[in-house]
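Please read the structure below before turning to the comments.
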Amino acid sequence: MKRMNLLAEIASGLGEWLRELAARPRYLIYAVLVHIAFFTVLVMSFEWTPTPVGSAAPEVDIIEAVVIDETRIRAEQERLKQAEARKTAEEARKRDQLRKAEEARVREEQRLVQLKKEQEAARKAAEVAEKQAAEAKKQAEVAKKQVEAARKAEDARRAEDARKAEEARKAAETARKAADAKRAEEAARQAAATRERAAREQSEVDKYVVIIKQKVERNWIKPVQWQGLRCRVRVNLIPGGDVIDVKIVAGSGDALFDSSVEAAVRKASPLPVPSASDPLFDRFRELEFVFNPQG
């Protein structure tokens, strides 16, 4: 009866132990093998022959064997627990290493992704910069062409302005020459007209002077000595021909002759002259002529 109770306790302990091992399936086989060996030793150590009443020695041996085996089992359990703890720690260390490696891998992947993004951004920025540089170069070329076109247009405009200025200068020179020629022609014409007018006036004056001389000679009383004598007379007249003054400006050398001429001029007053409204009269306000009775 005691043996059966002991076996029951052992079986209960084994059941509990097996439940603990169930959480660790990899060690379950080792535990089963150990217990099979334990039960084999235990069974073989039992004496299946009836034990006489009053004999207690075999039961004591069995208990001692069970106690010893239980101690071994506990030791094995402890060893297995320690091994399991070491394994668990190793697995935890490996998991930690794996976690760290995974974190490092993730960080590396993130770094590579970020690096790829940065490289892509740099590539796009480089493309944009290249496009901007190309566009700037294109705009610079366009601006250069525009400046060159503007310079050529300015040169053409200046050349055209210079041509027009030269044409204007030549036209002005031609006009000036034509004007000068016209002015010269007009001056020549006017000079000719003036000369012609002066000639006509002088002819008219000469005619009047001849008439005045004739009238003075008709009123002249000849002195004894007159042949070969002549004098220059200045006569001041007023409109109508009245003599207001007579002066011998170049005498003949004979005072009697000169006095006779002066008296003849005064006696001939009024002298024949143009009318006061005739511009030619101004030539007779102060008139000089040579009195020469010989001719």
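What does the charge dipole of the stretch 219-291 about its Cα centre add up to, to the nearest 20 debye, if the Cβ of each Lys and Arg holds +1 and the Cβ of each Asp and Glu holds -1? Could the numbers behind the result be given before it?
Working: 9 positive and 9 negative charges, 36 e Å.
Rounded to the nearest 20 debye, it is 180 debye.
Could you derive backbone 3J(HN,Hα) for the stretch 240-257 from the dihedral phi with the Karplus parameters 6.51, -1.76 and 1.60 (θ = phi - 60°), listing whole Hz in sequence and x where the residue is Gly or Pro?
After applying 6.51 cos²θ - 1.76 cosθ + 1.60, I find x, x, 5, 7, 10, 6, 9, 8, 8, 8, 9, x, 8, x, 10, 5, 5, 5 Hz.
Which parts of the stretch 242-267 would a label at ILE211 reach, counting a residue when its backbone N lies under 17 Å from a point 7 Å out along Cα-to-Cβ?
Backbone N within reach: 242-243.
Which listed residue (VAL261, ALA276, GLN225) has the Cα farthest towards the positive end of the charge dipole for the stretch 219-291, taking +1 on Lys and Arg C-beta and -1 on Asp and Glu C-beta about the Cα centre?
Most positive-ward Cα: GLN225.
Just to be sure I understand the model, the point goes 7 Å from the Cα along the line to the Cβ. What's the resulting LYS87 to ALA263 distance in nm?
Computed distance between label sites LYS87 and ALA263 equals 19.3 nm.
Label ARG99 and LYS170 with points 7 Å out from Cα along Cα→Cβ: what is the distance between them in nm?
Simple spin-label model gives 10.4 nm for this pair.
Using amide H atoms built 1.01 Å from N in the peptide plane, name the residues 5+ places from TRP226, or on other chains, whose amide H lies under 5 Å from its own.
Distant-sequence amide H within range of TRP226: zero hits.
Using a basic spin-label model with each label point 7 Å from the Cα along Cα→Cβ, how many nm lie between ARG232 and ILE68?
Those two pseudo-labels are separated by 19.7 nm.
What net charge do the residues around GLU118 carry, taking every other residue with its C-beta under 14 Å from that of GLU118, with Lys and Arg at +1 and Asp and Glu at -1?
On the way: positive: ARG111, LYS116, LYS117, ARG123, LYS124; negative: GLU120.
Around GLU118, the surrounding residues sum to +4.
Under unit Cβ charges (Lys, Arg +1; Asp, Glu -1), what dipole magnitude, rounded to 20 debye, does the stretch 190-260 have relative to its Cα centre?
Details: 12 positive and 9 negative charges, 27 e Å.
It comes to approximately 140 debye.
Every number in this text was worked out from the coordinates using simple rules, so none of it is lab data. What you are looking at is a predicted structure, and each value in this text was computed from that prediction instead of being measured. Heads up, the Cβs are rebuilt from the backbone with ideal geometry, glycines too, and the neighbour counts pull from every protein chain shown.
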